[in-house]
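Below: one structure, written as C-alpha coordinates.
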Amino acid sequence: MRIKDYRITRLQFRRDRVIGDSQVRAEDVNIAALELIADTGAVGLGFIQSLFTPLPAQAELERVFEAEVWPALDGAAPMGLIHRVSRPRGGNQRALGLPAYEALQVALWDLAAKQVDLPLHKFLGGTRDRVKAYASGLDFHLSDEQFVALFGHADAIGYDTFKIKVGHSDFEWDLHRLDLLRRTVRADAKVMVDANEAWGAKEALNKIEAIERTGVDLVWVEDPILRSDFAGLKMLCASTPRTMINSGEYLDASGKRALMIAGATDIVNVHGQVTDVMRIGWLAADLGIPVSLGNTFLEMGVHAAVALPEVEWFEYSFQNFDHLVEQPIEIRDGYAYAPDRPGHGLVLSEEARRNWARPEVVPVAQLGEAPANPRLAPLSQPIRTVGIA
(Lines give C-alpha, C1' and ligand atoms only; values in the text may rest on other atoms or scores of the structure.)
Protein backbone atom coordinates (compact mmCIF):
# COMPACT_ATOMS: atom_id res chain seq x y z
CA MET A 1 0.00 0.00 0.00
CA ARG A 2 1.30 3.42 -1.03
CA ILE A 3 -0.18 6.88 -0.56
CA LYS A 4 -1.02 8.34 -3.96
CA ASP A 5 -3.35 11.29 -3.33
CA TYR A 6 -5.11 13.36 -0.71
CA ARG A 7 -8.29 15.37 -0.30
CA ILE A 8 -9.01 18.24 2.09
CA THR A 9 -12.56 19.35 2.85
CA ARG A 10 -12.95 22.51 4.91
CA LEU A 11 -15.99 22.32 7.24
CA GLN A 12 -17.55 24.96 9.45
CA PHE A 13 -20.80 25.08 11.44
CA ARG A 14 -22.29 26.53 14.59
CA ARG A 15 -22.04 24.59 17.84
CA ASP A 16 -25.26 23.57 19.56
CA ARG A 17 -23.94 25.24 22.73
CA VAL A 18 -21.06 27.49 23.66
CA ILE A 19 -18.23 25.38 25.02
CA GLY A 20 -15.26 26.50 27.06
CA ASP A 21 -13.60 26.91 30.41
CA SER A 22 -12.27 29.63 32.70
CA GLN A 23 -9.87 30.78 29.97
CA VAL A 24 -11.59 30.28 26.58
CA ARG A 25 -14.93 29.89 24.79
CA ALA A 26 -15.98 28.71 21.32
CA GLU A 27 -19.25 29.14 19.41
CA ASP A 28 -18.47 27.41 16.12
CA VAL A 29 -16.61 24.40 14.74
CA ASN A 30 -13.65 25.03 12.41
CA ILE A 31 -12.20 21.82 10.99
CA ALA A 32 -10.98 20.25 7.78
CA ALA A 33 -11.31 16.59 6.91
CA LEU A 34 -7.98 15.20 5.68
CA GLU A 35 -8.32 12.05 3.56
CA LEU A 36 -5.14 10.23 2.51
CA ILE A 37 -5.88 8.00 -0.49
CA ALA A 38 -3.87 4.84 -1.11
CA ASP A 39 -3.19 3.05 -4.39
CA THR A 40 -5.47 0.26 -3.15
CA GLY A 41 -8.41 2.65 -2.89
CA ALA A 42 -8.30 2.68 0.91
CA VAL A 43 -8.82 6.07 2.56
CA GLY A 44 -7.31 7.21 5.86
CA LEU A 45 -9.31 9.93 7.63
CA GLY A 46 -8.16 12.55 10.11
CA PHE A 47 -9.39 15.99 11.10
CA ILE A 48 -7.46 19.25 11.18
CA GLN A 49 -8.88 21.35 14.01
CA SER A 50 -8.76 24.98 15.06
CA LEU A 51 -10.69 25.44 18.28
CA PHE A 52 -10.92 29.19 18.64
CA THR A 53 -10.15 30.83 15.28
CA PRO A 54 -11.31 29.96 11.74
CA LEU A 55 -9.08 27.86 9.56
CA PRO A 56 -7.86 29.54 6.36
CA ALA A 57 -9.89 29.14 3.18
CA GLN A 58 -9.62 25.74 1.53
CA ALA A 59 -7.33 26.94 -1.25
CA GLU A 60 -4.82 28.13 1.35
CA LEU A 61 -5.14 24.89 3.33
CA GLU A 62 -4.29 22.96 0.19
CA ARG A 63 -1.40 25.26 -0.70
CA VAL A 64 0.26 24.89 2.70
CA PHE A 65 -0.36 21.14 2.83
CA GLU A 66 1.09 20.69 -0.66
CA ALA A 67 4.22 22.64 0.27
CA GLU A 68 4.89 21.45 3.83
CA VAL A 69 3.36 18.00 4.21
CA TRP A 70 2.68 16.23 0.95
CA PRO A 71 6.33 15.75 -0.17
CA ALA A 72 6.91 13.41 2.81
CA LEU A 73 3.72 11.42 2.06
CA ASP A 74 3.67 11.11 -1.73
CA GLY A 75 4.36 7.48 -2.63
CA ALA A 76 5.18 6.51 0.95
CA ALA A 77 3.91 3.38 2.72
CA PRO A 78 1.76 4.20 5.78
CA MET A 79 3.38 1.28 7.63
CA GLY A 80 6.72 2.97 7.16
CA LEU A 81 5.56 6.28 8.59
CA ILE A 82 3.60 5.48 11.74
CA HIS A 83 6.66 4.48 13.79
CA ARG A 84 9.17 6.81 12.20
CA VAL A 85 11.48 8.53 14.70
CA SER A 86 12.60 11.97 13.58
CA ARG A 87 15.60 13.92 14.83
CA PRO A 88 14.27 17.17 16.31
CA ARG A 89 17.19 19.53 15.93
CA GLY A 90 17.46 23.17 14.96
CA GLY A 91 15.07 24.28 12.23
CA ASN A 92 13.64 20.77 11.95
CA GLN A 93 11.93 21.32 15.29
CA ARG A 94 9.04 23.56 14.31
CA ALA A 95 5.28 23.52 13.99
CA LEU A 96 3.54 22.93 10.68
CA GLY A 97 1.82 25.88 9.06
CA LEU A 98 -1.44 23.99 9.64
CA PRO A 99 -2.59 22.33 12.89
CA ALA A 100 -2.41 18.99 11.07
CA TYR A 101 -0.12 16.96 13.33
CA GLU A 102 -2.88 14.92 14.95
CA ALA A 103 -4.83 14.55 11.71
CA LEU A 104 -1.78 13.06 9.99
CA GLN A 105 -1.17 10.53 12.75
CA VAL A 106 -4.81 9.45 12.82
CA ALA A 107 -5.11 9.15 9.02
CA LEU A 108 -1.87 7.17 8.72
CA TRP A 109 -2.83 4.75 11.48
CA ASP A 110 -6.26 4.36 9.87
CA LEU A 111 -4.59 3.28 6.61
CA ALA A 112 -2.05 1.02 8.32
CA ALA A 113 -4.77 -0.85 10.23
CA LYS A 114 -6.85 -1.18 7.07
CA GLN A 115 -3.87 -2.70 5.26
CA VAL A 116 -3.89 -5.64 7.69
CA ASP A 117 -7.72 -5.64 7.89
CA LEU A 118 -7.83 -5.00 11.63
CA PRO A 119 -9.73 -2.52 13.80
CA LEU A 120 -7.24 0.05 14.98
CA HIS A 121 -7.54 -0.95 18.65
CA LYS A 122 -6.60 -4.55 17.79
CA PHE A 123 -3.77 -3.35 15.55
CA LEU A 124 -2.53 -1.42 18.60
CA GLY A 125 -2.58 -4.63 20.63
CA GLY A 126 -5.82 -4.06 22.52
CA THR A 127 -7.62 -6.98 24.13
CA ARG A 128 -10.82 -5.21 25.27
CA ASP A 129 -13.44 -3.35 23.30
CA ARG A 130 -14.84 -0.82 25.76
CA VAL A 131 -13.71 1.72 28.34
CA LYS A 132 -15.51 3.58 31.10
CA ALA A 133 -16.66 7.01 29.90
CA TYR A 134 -17.27 10.03 32.08
CA ALA A 135 -19.62 12.89 31.19
CA SER A 136 -17.75 16.15 30.70
CA GLY A 137 -19.74 19.32 30.09
CA LEU A 138 -17.25 21.90 28.79
CA ASP A 139 -19.80 23.84 30.77
CA PHE A 140 -18.23 27.03 32.12
CA HIS A 141 -20.30 29.33 29.90
CA LEU A 142 -23.65 27.63 30.49
CA SER A 143 -26.35 29.05 32.73
CA ASP A 144 -27.32 27.09 35.82
CA GLU A 145 -30.44 25.87 33.99
CA GLN A 146 -28.40 24.62 31.05
CA PHE A 147 -25.86 23.04 33.39
CA VAL A 148 -28.63 21.09 35.15
CA ALA A 149 -30.19 20.04 31.83
CA LEU A 150 -26.88 18.73 30.48
CA PHE A 151 -25.76 16.76 33.52
CA GLY A 152 -29.28 15.61 34.36
CA HIS A 153 -29.50 14.14 30.85
CA ALA A 154 -26.09 12.48 31.23
CA ASP A 155 -27.16 10.92 34.53
CA ALA A 156 -30.46 9.72 33.04
CA ILE A 157 -28.73 7.84 30.19
CA GLY A 158 -26.35 5.94 32.46
CA TYR A 159 -23.32 8.03 33.35
CA ASP A 160 -22.17 7.79 36.95
CA THR A 161 -19.02 9.93 36.71
CA PHE A 162 -19.00 13.64 35.87
CA LYS A 163 -16.40 16.37 35.27
CA ILE A 164 -17.21 20.06 35.53
CA LYS A 165 -15.29 23.26 34.89
CA VAL A 166 -14.10 25.39 37.80
CA GLY A 167 -11.69 28.30 38.11
CA HIS A 168 -14.09 31.21 38.37
CA SER A 169 -12.72 34.44 39.83
CA ASP A 170 -15.28 34.03 42.62
CA PHE A 171 -14.64 30.67 44.31
CA GLU A 172 -18.19 30.66 45.66
CA TRP A 173 -19.32 30.15 42.06
CA ASP A 174 -17.21 26.99 41.83
CA LEU A 175 -18.70 25.70 45.08
CA HIS A 176 -22.19 26.56 43.86
CA ARG A 177 -21.71 24.56 40.65
CA LEU A 178 -20.43 21.57 42.60
CA ASP A 179 -23.46 21.76 44.87
CA LEU A 180 -25.72 22.05 41.84
CA LEU A 181 -24.12 18.97 40.30
CA ARG A 182 -24.54 17.03 43.54
CA ARG A 183 -28.26 17.88 43.59
CA THR A 184 -28.66 16.96 39.90
CA VAL A 185 -27.00 13.56 39.57
CA ARG A 186 -27.15 10.28 41.47
CA ALA A 187 -26.11 10.22 45.12
CA ASP A 188 -23.12 7.92 44.58
CA ALA A 189 -21.73 9.82 41.58
CA LYS A 190 -18.00 10.24 41.12
CA VAL A 191 -16.88 13.83 40.53
CA MET A 192 -13.88 15.44 38.83
CA VAL A 193 -13.09 19.13 38.34
CA ASP A 194 -10.98 20.90 35.73
CA ALA A 195 -9.50 24.33 36.54
CA ASN A 196 -7.60 24.80 33.25
CA GLU A 197 -4.59 26.30 35.08
CA ALA A 198 -6.69 29.02 36.77
CA TRP A 199 -4.99 28.69 40.17
CA GLY A 200 -1.57 29.03 41.77
CA ALA A 201 -0.09 26.10 43.67
CA LYS A 202 -0.97 27.06 47.27
CA GLU A 203 -4.27 28.52 46.10
CA ALA A 204 -5.09 25.18 44.48
CA LEU A 205 -4.29 23.29 47.67
CA ASN A 206 -6.54 25.58 49.72
CA LYS A 207 -9.39 25.23 47.23
CA ILE A 208 -9.12 21.45 46.97
CA GLU A 209 -9.28 21.21 50.76
CA ALA A 210 -12.27 23.59 50.82
CA ILE A 211 -14.09 21.42 48.26
CA GLU A 212 -13.37 18.30 50.29
CA ARG A 213 -14.78 20.00 53.40
CA THR A 214 -18.13 20.37 51.61
CA GLY A 215 -18.33 16.58 51.46
CA VAL A 216 -17.36 16.17 47.79
CA ASP A 217 -14.79 13.42 47.26
CA LEU A 218 -12.98 14.32 44.07
CA VAL A 219 -11.57 11.61 41.84
CA TRP A 220 -9.15 14.16 40.40
CA VAL A 221 -8.42 17.83 39.84
CA GLU A 222 -7.33 18.42 36.27
CA ASP A 223 -4.74 21.06 35.35
CA PRO A 224 -5.06 22.98 38.62
CA ILE A 225 -1.96 25.13 38.00
CA LEU A 226 0.47 26.05 35.24
CA ARG A 227 1.71 23.10 33.19
CA SER A 228 5.30 24.24 33.70
CA ASP A 229 5.10 24.41 37.51
CA PHE A 230 6.44 20.91 38.16
CA ALA A 231 7.42 21.81 41.72
CA GLY A 232 3.89 23.02 42.47
CA LEU A 233 2.29 19.99 40.84
CA LYS A 234 4.57 17.67 42.80
CA MET A 235 3.60 19.47 46.02
CA LEU A 236 -0.09 19.03 45.21
CA CYS A 237 0.38 15.32 44.51
CA ALA A 238 2.01 14.90 47.93
CA SER A 239 -0.51 17.10 49.77
CA THR A 240 -3.81 15.72 48.45
CA PRO A 241 -3.94 12.04 49.42
CA ARG A 242 -7.69 11.78 48.73
CA THR A 243 -7.61 13.52 45.34
CA MET A 244 -5.48 12.71 42.29
CA ILE A 245 -3.77 15.45 40.33
CA ASN A 246 -4.36 15.03 36.59
CA SER A 247 -1.98 16.95 34.33
CA GLY A 248 -0.21 16.84 30.99
CA GLU A 249 -3.03 17.92 28.68
CA TYR A 250 -1.20 21.00 27.46
CA LEU A 251 2.22 19.36 27.11
CA ASP A 252 3.63 17.65 24.03
CA ALA A 253 5.09 14.15 24.26
CA SER A 254 8.45 15.41 25.50
CA GLY A 255 6.75 17.56 28.14
CA LYS A 256 4.61 14.65 29.33
CA ARG A 257 7.74 12.53 29.68
CA ALA A 258 9.42 15.24 31.77
CA LEU A 259 6.25 15.65 33.87
CA MET A 260 6.12 11.96 34.74
CA ILE A 261 9.84 11.61 35.41
CA ALA A 262 9.58 14.60 37.78
CA GLY A 263 6.84 12.80 39.74
CA ALA A 264 4.62 15.83 39.15
CA THR A 265 1.32 14.12 38.32
CA ASP A 266 -0.78 11.28 39.70
CA ILE A 267 -2.38 10.61 36.32
CA VAL A 268 -1.22 11.78 32.90
CA ASN A 269 -3.72 13.18 30.40
CA VAL A 270 -3.33 12.28 26.72
CA HIS A 271 -5.40 13.07 23.64
CA GLY A 272 -5.59 12.04 19.98
CA GLN A 273 -2.09 11.74 18.51
CA VAL A 274 -1.96 7.96 18.17
CA THR A 275 1.81 7.54 17.88
CA ASP A 276 2.54 9.93 20.74
CA VAL A 277 -0.21 8.48 22.94
CA MET A 278 1.11 4.93 22.56
CA ARG A 279 4.68 6.02 23.34
CA ILE A 280 3.57 7.97 26.42
CA GLY A 281 1.35 5.05 27.42
CA TRP A 282 4.34 2.72 27.29
CA LEU A 283 6.41 5.05 29.47
CA ALA A 284 3.50 5.55 31.90
CA ALA A 285 3.21 1.79 32.28
CA ASP A 286 6.95 1.56 32.92
CA LEU A 287 6.63 4.23 35.63
CA GLY A 288 3.40 2.89 37.10
CA ILE A 289 1.40 6.04 36.32
CA PRO A 290 -2.27 5.83 35.27
CA VAL A 291 -3.40 7.44 32.01
CA SER A 292 -6.63 9.28 31.20
CA LEU A 293 -7.84 9.77 27.63
CA GLY A 294 -9.14 13.31 27.15
CA ASN A 295 -11.43 14.63 24.43
CA THR A 296 -10.63 13.38 20.93
CA PHE A 297 -12.39 14.38 17.75
CA LEU A 298 -15.34 12.07 17.06
CA GLU A 299 -14.10 9.95 19.98
CA MET A 300 -11.39 8.36 17.80
CA GLY A 301 -9.26 8.08 20.94
CA VAL A 302 -11.33 5.13 22.09
CA HIS A 303 -8.93 2.89 20.14
CA ALA A 304 -5.89 3.98 22.14
CA ALA A 305 -7.96 3.99 25.33
CA VAL A 306 -8.88 0.32 25.08
CA ALA A 307 -5.39 -0.64 23.89
CA LEU A 308 -3.60 0.91 26.89
CA PRO A 309 -4.27 -1.03 30.12
CA GLU A 310 -3.41 2.06 32.21
CA VAL A 311 -6.46 3.91 30.83
CA GLU A 312 -9.48 3.61 33.12
CA TRP A 313 -11.34 6.77 32.04
CA PHE A 314 -12.40 8.17 28.66
CA GLU A 315 -13.77 11.72 28.35
CA TYR A 316 -17.04 12.30 26.51
CA SER A 317 -18.35 15.86 26.14
CA PHE A 318 -21.47 15.56 23.96
CA GLN A 319 -19.85 17.57 21.20
CA ASN A 320 -21.97 17.60 18.10
CA PHE A 321 -19.86 15.90 15.45
CA ASP A 322 -21.68 12.61 14.78
CA HIS A 323 -23.39 13.99 11.67
CA LEU A 324 -20.01 14.14 9.91
CA VAL A 325 -19.52 10.37 9.61
CA GLU A 326 -21.48 7.36 8.44
CA GLN A 327 -21.22 5.43 11.72
CA PRO A 328 -20.10 7.30 14.86
CA ILE A 329 -18.45 5.65 17.86
CA GLU A 330 -20.97 3.85 20.04
CA ILE A 331 -21.34 5.30 23.54
CA ARG A 332 -24.00 3.92 25.87
CA ASP A 333 -24.62 3.12 29.52
CA GLY A 334 -21.50 5.02 30.56
CA TYR A 335 -19.10 3.15 28.25
CA ALA A 336 -17.40 3.96 24.94
CA TYR A 337 -17.09 1.02 22.56
CA ALA A 338 -14.30 0.61 20.01
CA PRO A 339 -15.80 -0.36 16.63
CA ASP A 340 -14.99 -3.70 15.05
CA ARG A 341 -14.49 -2.20 11.59
CA PRO A 342 -11.09 -2.01 9.82
CA GLY A 343 -9.06 1.06 10.72
CA HIS A 344 -10.64 3.48 13.17
CA GLY A 345 -14.01 2.76 11.61
CA LEU A 346 -15.03 6.33 10.74
CA VAL A 347 -15.83 7.46 7.19
CA LEU A 348 -16.67 11.03 6.20
CA SER A 349 -20.27 11.02 4.99
CA GLU A 350 -21.17 12.44 1.60
CA GLU A 351 -24.06 14.28 3.23
CA ALA A 352 -21.61 16.08 5.50
CA ARG A 353 -19.45 16.93 2.53
CA ARG A 354 -22.47 18.47 0.82
CA ASN A 355 -24.10 20.22 3.77
CA TRP A 356 -21.22 21.47 5.90
CA ALA A 357 -18.36 22.13 3.49
CA ARG A 358 -17.33 25.78 3.66
CA PRO A 359 -14.47 26.48 1.20
CA GLU A 360 -14.34 30.11 2.38
CA VAL A 361 -14.39 31.49 5.93
CA VAL A 362 -17.95 32.23 7.09
CA PRO A 363 -18.57 34.71 9.94
CA VAL A 364 -20.24 33.04 12.93
CA ALA A 365 -23.31 35.26 12.58
CA GLN A 366 -23.92 33.85 9.09
CA LEU A 367 -23.58 30.16 9.93
CA GLY A 368 -27.28 29.59 10.60
CA GLU A 369 -28.65 26.99 12.99
CA ALA A 370 -26.48 24.31 14.57
CA PRO A 371 -27.03 20.74 13.43
CA ALA A 372 -29.22 18.71 15.77
CA ASN A 373 -27.34 16.79 18.46
CA PRO A 374 -28.99 13.36 18.85
CA ARG A 375 -26.90 12.52 21.94
CA LEU A 376 -27.89 15.58 23.95
CA ALA A 377 -31.37 16.80 24.86
CA PRO A 378 -31.88 20.47 23.94
CA LEU A 379 -30.77 22.76 26.74
CA SER A 380 -33.61 24.55 28.44
CA GLN A 381 -32.56 28.20 28.15
CA PRO A 382 -30.84 30.42 25.56
CA ILE A 383 -27.08 30.40 25.91
CA ARG A 384 -25.63 33.35 27.80
CA THR A 385 -22.25 34.26 29.20
CA VAL A 386 -21.99 32.87 32.70
CA GLY A 387 -22.46 35.07 35.76
CA ILE A 388 -22.64 34.55 39.48
CA ALA A 389 -25.80 32.64 40.38
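The values are calculated or read from the model by the stated rules, or taken from the named source; none is laboratory data. It should be emphasised that the depicted structure is a prediction, and the values quoted were computed from it without experimental measurement. Don't worry about glycine lacking a Cβ; one is built from the backbone with ideal geometry, like all the others, and counts go over all protein chains shown.
Say we look at the stretch 227-271 and pick out the residues that are outside any helix (DSSP H, G or I) and of a type in the set (A, V, I, L, M, F, W, C); which of these is surrounded by the most Cβ atoms within 10 Å (Cβ to Cβ)?
VAL270
Please pick out the residue among LEU138, LEU98 that is modelled with pLDDT of 95 or more, surrounded by 18 or more Cβ atoms within 10 Å (Cβ to Cβ) and in contact with a strand residue (DSSP E or B) (Cβ under 7 Å, 6 or more places away or on another chain).
Answer to the check: LEU138.
Select, from ARG341, ARG375, the only residue that is among the basic types (Lys, Arg), part of a loop (DSSP other than H, G, I, E, B), more than 19 Å from PHE52 (Cα to Cα) and modelled with pLDDT of 95 or more.
Every option except ARG341 fails the conditions.
Could you figure out which of (1) part of a loop (DSSP other than H, G, I, E, B); (2) on the phi < 0 side of the Ramachandran plot; (3) modelled with pLDDT of 95 or more isn't true of LEU283?
So LEU283 meets the others, but not (1).
Which is of a type outside the set (A, V, I, L, M, F, W, C), free of Cβ contacts under 8 Å to residues at least 60 places away in the same chain, in a helix (DSSP H, G or I) and crowded, with 16+ Cβ neighbours inside 10 Å, of GLU62, GLU66?
None of the other options fit; the residue is GLU62.
Just to be sure before I move on: is SER86 in contact with a Gly (Cβ under 7 Å, 6 or more places away or on another chain), in a loop (DSSP other than H, G, I, E, B) and not charged (D, E, K, R) in the structure I sent?
no
Return the residue satisfying two criteria in turn: it lies in the stretch 93-123 and is under 24 Å from THR40 (Cβ atoms) and of a type in the set (Phe, Trp, Tyr), and of such residues it is nearest to the chain's Cα centre (by Cα).
Here the answer is TRP109.
Suppose we keep only residues that are surrounded by fewer than 13 Cβ atoms within 10 Å (Cβ to Cβ) and out of contact with any Pro (no Cβ under 9 Å at 6 or more places or on another chain) within the stretch 330-358. Which one would you say is farthest from ASP110 (Cα to Cα)?
Going through the stretch 330-358, the residues surrounded by fewer than 13 Cβ atoms within 10 Å (Cβ to Cβ) turn out to be 332-333, 340, 350-351, 354.
Add one more test, that the residue is out of contact with any Pro (no Cβ under 9 Å at 6 or more places or on another chain), and what stays is 332-333, 350-351, 354.
Values: ARG332: 24, ASP333: 27, GLU350: 19, GLU351: 21, ARG354: 23 Å.
If we take residues in the stretch 330-358 being surrounded by fewer than 13 Cβ atoms within 10 Å (Cβ to Cβ) and out of contact with any Pro (no Cβ under 9 Å at 6 or more places or on another chain), then ASP333 is farthest from ASP110 (Cα to Cα).
Of these, VAL24, VAL18, which one is closer than 20 Å to VAL361 by Cβ and surrounded by fewer than 18 Cβ atoms within 10 Å (Cβ to Cβ)?
Among VAL24, VAL18, only VAL24 is closer than 20 Å to VAL361 by Cβ and surrounded by fewer than 18 Cβ atoms within 10 Å (Cβ to Cβ).
If I filter the stretch 293-305 for residues that are assigned to a strand (DSSP E or B) and at pLDDT 95 or above, do I get at least one hit?
yes
Taking only the stretch 144-160 into account, find how many residues are outside any helix (DSSP H, G or I) and surrounded by 19 or more Cβ atoms within 10 Å (Cβ to Cβ).
Counting residues in the stretch 144-160 that are outside any helix (DSSP H, G or I) and surrounded by 19 or more Cβ atoms within 10 Å (Cβ to Cβ) gives 1.
For the condition among the basic types (Lys, Arg) and either surrounded by fewer than 17 Cβ atoms within 10 Å (Cβ to Cβ) or in contact with a His (Cβ under 6 Å, 6 or more places away or on another chain) (or both), what is the one hit in ARG177, ARG182? Break it down into steps so the answer makes sense when it comes.
Values: ARG177 fails: either surrounded by fewer than 17 Cβ atoms within 10 Å (Cβ to Cβ) or in contact with a His (Cβ under 6 Å, 6 or more places away or on another chain) (or both).
Criteria check complete, one pass: ARG182.
Within the stretch 338-355, restricting attention to residues that are touching a helix residue (DSSP H, G or I) at 6+ places or on another chain (Cβ under 7 Å) and not polar (S, T, N, Q), which residue is farthest from LEU36 (Cα to Cα)?
ALA338
Which members of the stretch 92-109 meet the condition of being part of a helix (DSSP H, G or I) and in contact with a helix residue (DSSP H, G or I) (Cβ under 7 Å, 6 or more places away or on another chain)? So that I can check it myself, show each step before the final result.
Let us first name the residues in the stretch 92-109 that are part of a helix (DSSP H, G or I), namely 92, 101-109.
Within the stretch 92-109, GLN105, VAL106, LEU108, TRP109 meet the criteria.
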